[in-house]
Amino acid sequence: MKEAKIVKVTEPILRLADVHSIGVIGDPGCEGLGTYHMKVYAGALEESSRDDITLVVGDLVPAGTRHHYQLIENMTEALAGNPVYALRGNHDTGAYTEHFGLKNYALLTEHFAVVVLDNALRTFEEEGLELLSRVLSMDEVQQVLVAFHIPIPNHFILNCVSEEEFARLRRAYSPWKEKVKYLLCGHVHSRFADCVDGIPLICTGGGGARIEDVSKEIRASDVEHHMIHFYEEKGELKYRISDLSEDCYGRERKDVLLEKQLKETVQSELLAHFQYLMFADRAGRRGMKGIAGLFEALAASEYYHARNFYSVLECPAPFAETVKSFLPGEEFEYQHLYQMLAEYAGEHKSPLAEQAYTSAAAAEKEHASLLRQAADLEHFAAEPVYVCPICGYVMSGEKVPERCPVCGGPSHQYESYNGTGDSVR
């Protein structure tokens, strides 16, 4: 029988032999357990398999139903390479204890201890604080990592427990403060390191949830998805951060048949997405807003299906290199492929296909020009970009022609993308 990876904790103190390191993953599931988000968690589990055990510091699920717990449990069991312990986050309500056991417990290894405390409701439970004091009072325990979900007051963010709650925690460890080597938390979809009460505070929330701006000092653009390795070296407890690349997981790509099926599935989902949008447009032009709205929703659903399947296959370049990686395809299309196909269509008396390829080639040329500018990420000027919905031609800048230079479509129909991430029709 296969040994379970998820450890359901039933005793407040567990002694672990041959454990010299622990991988820490923060907030994998609070935004949902879809494939797109779970790819990061999968990569984090694979990276954490380098350690002897793994600890997930909260928010394994978006809501504490048995359904969601079963989903994250199945994913963890399939991907984890070492025993996985959990810490309750504010999203981990409901059936948490049925799946993961005690909410307050301690792991004692030869060189360090990890004390897991539940503060998911922004208050530390008394039994957890008593356990912390008990563990710290042990002569055999000399180095302790204290883990909880919601941060204590710090110099970076206000999203934390109250000063009164921190005072309760401080009273519990104060007699043995020199033994507390790190305070560890999650909850914040980012990461930072601080010093609180003279103790290093490590905050990590980069194991699946989308990285967010949390302050002027901590911007999403400066933080990658990540996990943290704590390890014993020459008797001392240390840590290092491992950033997770956007290509952090690729098990399915190694199965040739499955990879082929996934590619075909992406194509069929995108075709359905396009077909539904086309029909929504037809319904809208007939004044059938209800039908149009339904098919726009169905189209969006098919797109997200395609995104999930494609995320399993995707092998992206590093972000800074990705923009220029699209250039060769755009250049090949307008310089060779579309020109050749337009000529073929013309020679075979297929004027609609000829027109479609000719107008698309003009747009692809403009795509390439914009991508060359955007490849310099730091200096790219985010001017408004306009798309003609009739032929797909792209224009940029504050001033655009009254009519599309390719198909003659009127400017009042242009779709505007204003450089803030918003599109305006």
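The values are calculated or read from the model by the stated rules, or taken from the named source; none is laboratory data. Quick caveat: nothing in here was measured; it's all calculated off a predicted structure. Glycine also receives a Cβ, built like all others from the backbone with ideal geometry; neighbour counts cover every protein chain displayed. For the accessible areas, the whole protein counts, side chains as well, though only heavy atoms, and no ligand, DNA or RNA atoms are used. Shrake-Rupley method; radii C 1.70, N 1.55, O 1.52, S 1.80 Å.
When we screen 374, 381 for residues that are exposed (fewer than 14 other Cβ atoms within 10 Å of the Cβ), in contact with a helix residue (DSSP H, G or I) (Cβ under 9 Å, 6 or more places away or on another chain) and of a type outside the set (Val, Ile, Thr), the only hit is 381. Look at residue 349 and say whether it is over 30 Å from residue 222 (Cα atoms), assigned to a loop (DSSP other than H, G, I, E, B) and at pLDDT below 90. Considered against the rule, which asks whether it is over 30 Å from residue 222 (Cα atoms), assigned to a loop (DSSP other than H, G, I, E, B) and at pLDDT below 90, residue 349 comes out as no.
Of the residues making up the range 81-118, those that are of a type in the set (Ser, Thr, Tyr) and under 20 Å from residue 140 (Cβ atoms) are 105, 109. Residue check: residue 418 meets all listed conditions (1) crowded, with 18+ Cβ neighbours inside 10 Å; (2) out of contact with any His (no Cβ under 8 Å at 6 or more places or on another chain) but one, namely (1).
Within the range 233-275, restricting attention to residues that are of a type outside the set (A, V, I, L, M, F, W, C) and in contact with a strand residue (DSSP E or B) (Cβ under 7 Å, 6 or more places away or on another chain), the residue that is least open to solvent (accessible area, probe 1.4 Å) is 242. Scanning the range 114-121 for any residue that is at pLDDT 95 or above, out of contact with any Gly (no Cβ under 9 Å at 6 or more places or on another chain) and open to solvent by less than 30 Å² (accessible area, probe 1.4 Å) turns up at least one such residue. Put simply, of 76, 109, 54 the only residue that is open to solvent by less than 10 Å² (accessible area, probe 1.4 Å) and under 22 Å from residue 183 (Cα atoms) is 54. Condition test on residue 373, is it modelled with pLDDT under 90 and of a type outside the set (Asp, Glu)? For residue 373, the condition - modelled with pLDDT under 90 and of a type outside the set (Asp, Glu) - is met.
Within the option set 68, 20, being open to solvent by 20 Å² or more (accessible area, probe 1.4 Å) and either in contact (Cβ under 8 Å) with a residue 60 or more places away in the chain or within 14 Å of residue 5 (Cα to Cα) (or both) holds for one residue only, 20. Scanning the range 23-41 for residues that are surrounded by fewer than 24 Cβ atoms within 10 Å (Cβ to Cβ) and either among the small types (Gly, Ala, Ser) or at pLDDT 95 or above (or both) returns 32, 34. Candidates are the residues of the range 384-415 that are at positive phi and modelled with pLDDT of 85 or more; the one that is surrounded by the most Cβ atoms within 10 Å (Cβ to Cβ) is 392. Number of residues in the range 127-152 that are surrounded by 17 or more Cβ atoms within 10 Å (Cβ to Cβ) and either touching a helix residue (DSSP H, G or I) at 6+ places or on another chain (Cβ under 6 Å) or aliphatic (A, V, I, L, M) (or both): the value is 12. Applying the criterion of being of a type in the set (A, V, I, L, M, F, W, C) and crowded, with 20+ Cβ neighbours inside 10 Å to the residues of the range 336-360, the residue that is farthest from residue 391 (Cα to Cα) is 342. Within the range 342-359, residues that are of a type in the set (Val, Ile, Thr) have Cβ atoms under 6 Å from residues that are assigned to a helix (DSSP H, G or I) and open to solvent by less than 100 Å² (accessible area, probe 1.4 Å) in these pairs: 358/342, counting only partners at least 6 apart in sequence or on another chain.
Restricted to the range 238-343, the set of helices (runs of 4 or more DSSP H) holding at least 1 residues that are among the hydroxyl-bearing types (Ser, Thr, Tyr) comprises 256-285, 289-313, 319-325.
Regarding the range 202-225, can at least one residue be identified that is surrounded by 14 or more Cβ atoms within 10 Å (Cβ to Cβ), touching a Leu at 6+ places or on another chain (Cβ under 7 Å) and within 28 Å of residue 321 (Cα to Cα)? Yes, some residue in the range 202-225 is surrounded by 14 or more Cβ atoms within 10 Å (Cβ to Cβ), touching a Leu at 6+ places or on another chain (Cβ under 7 Å) and within 28 Å of residue 321 (Cα to Cα). Scanning the range 96-106 for residues that are under 26 Å from the mean Cα position of the chain (by Cα) and open to solvent by less than 10 Å² (accessible area, probe 1.4 Å), we see that the one that is nearest to residue 4 (Cα to Cα) is 100.
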